[in-house]
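Contents: one structure, followed by commentary.
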Amino acid sequence: MAKSLVDDNSGSAVSCPVCGLVVAELSFLCSHLVEQAEASEERHVMWLNRHITKRRMSPDSLEPLLASFLAGEGSGSEVVKR
Ligand SMILES: [Zn+2]
């Protein structure tokens, strides 16, 4: 059980792609997005519809989708349209 000097998995903050809110973990970001969508916050609803899904999802089912979206975004394979 060697202790890693670099914490690359735990404690890596992520920020909301919509409003920039910084949270400690991806699961918190999922909860945030679901909460905002359920409150009918327009920007979050539109972002989810466009990038993830038009269905209402639980944070648990949203997490893998969000993870793959963020991974894809990091590779720069998709052109952001404005
Ligand atoms: Zn947000």
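Since every read-out is calculated from the coordinates, none of them should be taken as a lab result. Note that the structure is predicted; figures quoted are calculated from it, not measured. Positions of Cβ are generated from backbone atoms using ideal geometry, with glycine treated the same way; all protein chains shown enter the neighbour counts.
Figure the gain on full extension for GLU38 and LEU21 (residue separation times 0.36 nm, minus the Cα-Cα span) and round it to one decimal in nm. Don't skip to the end; give the middle numbers.
Working: separation 17, 0.36 × 17 = 6.12 nm, distance 1.72 nm.
Using 0.36 nm per residue and subtracting the Cα-Cα distance, I get 4.4 nm.
Computed from the mean reciprocal separation of all distinct C-alpha pairs, what Kirkwood hydrodynamic radius does region 23-73 have, in Å? The partial results should precede the final answer.
Details: mean 1/r = 0.0927 Å⁻¹.
Final number for the Kirkwood radius of region 23-73 is 10.8 Å.
In debye, nearest 20: dipole of region 23-73 around its Cα centre with unit charges on the Cβ of K, R (+) and D, E (-)? Please report the intermediate quantities before stating the final value.
Values: 5 positive and 8 negative charges, 57 e Å.
Approximately 280 debye in magnitude.
Once phi is turned into θ = phi - 60°, what whole-Hz ³J(HN,Hα) does the Karplus curve with 6.51, -1.76 and 1.60 give for every residue of region 28-41, x standing for Gly and Pro?
Per-residue couplings from phi come out as 5, 5, 4, 4, 4, 5, 5, 4, 5, 5, 6, 7, 6, 6 Hz.
Need the full-extension length gain, SER58 to LEU70, defined as separation in residues times 0.36 nm minus the C-alpha distance. One decimal, nm. Each step should come with its number before you reach the end.
Working: separation 12, 0.36 × 12 = 4.32 nm, distance 1.80 nm.
Extra length available between SER58 and LEU70 comes to 2.5 nm.
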